[in-house]
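For reference, the structure discussed in these notes is given below.
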Amino acid sequence: MTKENPKMANMFTGAQEAEADPDRHVMEEAILATVARHGLEAQKLWHGFADLAWSRSDFAAIAAALWEGIVEGVAADLVIIKGKLKAAGAKVEDAVLAGILDGSKVKDVSVAEAYIGIMDKQDRFHRADEMVMDLTAAVKKAKDTGGDVDAAVAGLLKDAFSLAQRKKLVKEYQVEADGISAFLVDLADRRADGRAFKGLDCGFNHINHILNGLTEGLFILAGAPSCGKTTLAKQIADHVAEVEKVPVLFWSFEQSQEELRIKSLARLASVDSRLIWKGRSDADTWAKVEKAAEYYRQGEGRYLTIIEAGREDTLDRIRGAAVMAKHKAGDKPILLVLDYLQIIPAGKDAPEDTRARIDWNLSELRRLSRDLKSPVLVISSMNREGYKEPKKETKNRRPSLVSLKESGGIEYSADAVICLWRDKDESKRLTENNHRLTVRVEALVLKNRNGETGSKVMTDFTPAWSLFTEGNKEDLGYDAAQGE
């Protein structure tokens, strides 16, 4: 006997329970109660929920209030939902609302999900019945008025497609002839806005030029340890939040909020981050830190969210938070930053094998970028071969796409790959400037699906200040695929 799959068994049990209790009002109450209890965490409850046809106006009003709360990221309690209902001018009896929110009708998420599926199916059949009645009425009218049969049939066929589309029974896909006009308007707007690139401004002119800004897509920032990957990602996140004024979500699976905040304060105040962390700064230095903190609070801090990520922060949870941030931003793109790829927890549907899990996460992240029409910046480690001291026979080797750790999927899934590289010989010629150590770091563009390739951007990295400054752009000088 084969071992039972717990996930499939749970879904089957949920569907059975849903089928055993098909009463419309019972299902509606259960869905509303479960969404009120679990809606912020359970993304799978969102699919179809906002589009359900509720049998009662008070249920529809409660559903609208709950959905508004999900978009805002606000938990559903009696006071908040009452306030939203009052603002909408909806009439809902206190007893009805209390019955939804008191927890007595809450079901398992899988059961509520099954109920949503059953209701959606019922709604589609209902709309199909309405379409048949509309067509029957049209036939009767043609018959009563003595119309031509062929003309009536032709008219009915035309009306059938129109009705089916209007009642959301079929989806009509747009041909290019209809879509190109709107696309041309978009291109004209892009041309007229005066920007030198399409995507979000990352704060580095050469990188903006090479990538066309941070556009919709999956961007990988790789590098060996101590090259400043997290520092550069945080500097980019800060700049996008401050200049573009759109939501930026930074998921950190290693460093704490404190560490990331200190990076920003050190950069803004031009103060050694170790002094801030130890609390050993003098009065003048502390005044700089306070001024930087106020600038941070009034600027990027209004749009930037740092999440100290843990085992529970799978891509399902990340998607949920990102969808809510996108709703808040309207149609504007947002920026997601994940630090880092190799330790993002596996979701329930992800394979157990490490390499397969990373590839699966890459596919999901690219899909998330497409769905949000926003850039996703992911930090990735490299395998040891990519940064250890080169052997004599490979002394000219540089980082390549094969240097990326534990995943062949990066080469295919990523829209752009930038690798940070410190040359061993160059590291011996570190410069001292006002007691600050500055290191030359090359940003190597190993892949760029939609733009210029074969380039590297020279940067100066000051670790104490958590600061990257941009230098010249040069040719890469070697094969990005092989590293030679």
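Values in this text are rule-based calculations from the coordinates and carry no lab data. Everything numeric in this text was worked out from a predicted model, so none of it was measured. Here the Cβ positions follow ideal geometry from the backbone for every residue, glycine too, while neighbour counts run over all protein chains shown.
Here is how the numbers come out for the structure above:
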quantity	calculated
Label-point separation, Val79 to Arg311 (7 Å along Cα→Cβ), nm	3.5 nm
Computed lengthening from Gln122 to Phe183, 0.36 nm per intervening residue step minus Cα-Cα distance	18.3 nm
Gain on full stretching of the segment that runs from Val132 to Tyr295 - 0.36 nm per residue minus C-alpha separation	52.4 nm
Loop trypsin sites (Lys or Arg not before Pro), segment 446-484 (other Cβ atoms within 10 Å of the site Cβ: 16 or fewer; DSSP)	Arg449
For Thr438, distant residues with modelled amide H under 5 Å away	Thr431, Asn433
Segment 205-475: radius of gyration over Cα atoms, expressed as a fraction of 2.2 N^0.38 Å	1.00
Cβ-Cβ FRET estimate between Ile343 and Lys373, R0 fixed at 22 Å, reported to 0.05	0.25
Amide H partners (placed H, <5 Å) of Leu200, local residues excluded	Leu214, Thr215
Integer Hz, Karplus 6.51/-1.76/1.60 couplings in order for segment 130-144, x for Gly and Pro	4, 5, 4, 5, 4, 5, 4, 5, 5, 5, 4, 5, 4, 5, 5
Built amide H within the under 5 Å cut-off of Gly471, gap 5+	Met458, Thr459, Asp460
Theoretical gain in end-to-end length, Ala64 to Ala283 [0.36 nm per residue, Cα-Cα removed]	73.5 nm
Per-residue ³J(HN,Hα) for segment 446-457, Karplus 6.51 cos²θ - 1.76 cosθ + 1.60, θ = phi - 60°, Hz, x for Gly and Pro	8, 8, 7, 4, 10, x, 5, 10, x, 10, 9, 10
Simple label model, 7 Å out from Cα along Cβ direction - Asp102 to Ser55, nm	2.1 nm
Selection from Val271, Phe250, Met324 lying farthest towards where the dipole of segment 248-340 points positive, charges on Cβ	Met324
Check: segment 205-475 dipole with +1 on Lys, Arg Cβ and -1 on Asp, Glu Cβ, in debye	260 debye
Label zone at Arg449, where the point sits 7 Å out along the Cα-to-Cβ direction: segment 213-229 residues whose backbone N lies under 17 Å	213-222
Per-pair calculated FRET efficiency, R0 = 41 Å: Glu352 and Val243 via Cβ, rounded to 0.05	0.50
